[in-house]
1. Distance between the C-alpha centers of region 12-36 and region 150-165? Whole Å please.
2. In region 80-149, if every C-alpha pair distance is counted and binned at 5 Å from zero, what percent goes to each bin?
3. Using the Karplus curve 6.51 cos²θ - 1.76 cosθ + 1.60 with θ = phi - 60°, work out ³J(HN,Hα) for each residue of region 187-193 in order, rounded to whole Hz, and write x for Gly and Pro.
4. I'd like the projected area of region 167-263, averaged over all directions, using the convex hull of its alpha carbons. Report it in nm² with one decimal.
5. Taking N as the number of residues in region 32-141, what is its Cα Rg relative to 2.2 N^0.38 Å?
6. Please sort by residue number the chymotrypsin sites (Phe, Trp or Tyr not before Pro) in region 64-120 whose DSSP state is loop and whose Cβ has at most 14 other Cβ atoms within 10 Å.
7. Compute a Gaussian network model of the chain, connecting alpha carbons closer than 10 Å, and tell me which residue from GLY72, GLY86, GLY137 fluctuates the most.
8. When only alpha-carbon atoms are used, what values of Rg and Dmax, in angstrom, describe region 68-113?
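Just so it is clear, none of the values below were taken in a lab; they were calculated from the coordinates. Here the structure is a predicted model, which means the values were calculated and not measured. FYI the Cβ positions are ideal-geometry reconstructions off the backbone, even for glycines, and counts take in every protein chain you see.
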Amino acid sequence: MGVPSRRRRPSVPVVAVAVVTVGFLTLPLVGLLVKAPWGSLWPDLTSPVAMAALRLSLICSLSATGLSLVLGLPLAWVLARTEFPGRSLVRALTILPMVLPPVVGGVALLLVFGRAGFLGRPLFDWFGVQLTFSTAGVVLAETFVAMPFLIITVEAALRSLDGRYEEAAATLGAGRWTVFRQITLPLISSSLVAGTALTWARALGEFGATITFAGDIQGRTQTLPLAVYLALEGNEQVAITLSLALLAVSVVVLVSLRGRWLGAIAP
């Protein structure tokens, strides 16, 4: 019996290209570590501007993650378990923010929820609510770009779930909520955790939609990525320090997942 093709040793040209690709992806990160001002790392991280940006980033990213769970779980369920005309189109529109340039997403949010937008105008005129240039606007922008990660991960888990367990529970008299809480949720918990972590990491690192829709106001809308951009213009050392903080968060998220996200979306 021959060796499976997936276990055959790759050719030298393939290995060479793979090495170049790894270098291309990792060398910028290595450069960031080499240039890091390790001696002043802690003072830079604990400066008033950095702490304000960090605090706001945590509040907004966690809020966006919570909102994504509330809005994304039902949609993932509908996409995975319901047949209806246009489902493919709905799914495409749902994951579009994953490939859409963030600044375009920010412009779209501005046209809808801005002071002159068709939803933003009545919100302001009737209730005095202004989402642009506000912390709530940051949460909205981060939710828009990050929620698709949760939806696509949970939907894939639901589609691959063995339905016999749910059917057996229903046959024994369990209601829909009981089946979901005691059967479905534990079975997809790994994918749900992975999707939630990826959603939070994406929200934490959001830049384009945030600055376009919410602006860059210290203490109100200036998250860590925006603080990095602003610091890069005048204080490269602080910009590198804040970039290291975001890099550390990303590494921790990826290591903690240990491939569970890839396993969840595999066909």
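1. 35
2. Histogram of Cα-Cα distances, whole percents per bin: 4, 16, 21, 20, 15, 13, 9, 3, 0.
3. Result, ordered by residue: 6, 9, 4, 4, 5, 5, 5 Hz.
4. On the way: hull surface 35.9 nm².
Spelled out: convex hull of the Cα atoms, projected over all directions, averaged, 9.0 nm².
5. Working: Rg = 19.0 Å, N = 110, 2.2 N^0.38 = 13.1 Å.
Computed over Cα atoms of region 32-141, the ratio equals 1.45.
6. Numbers: sites: TRP77, PHE113, PHE118; in loops: PHE118.
Sparse-neighbourhood loop chymotrypsin sites (Phe, Trp or Tyr not before Pro): PHE118.
7. Greatest mean-square fluctuation among the candidates belongs to GLY86.
8. 12.6, 33
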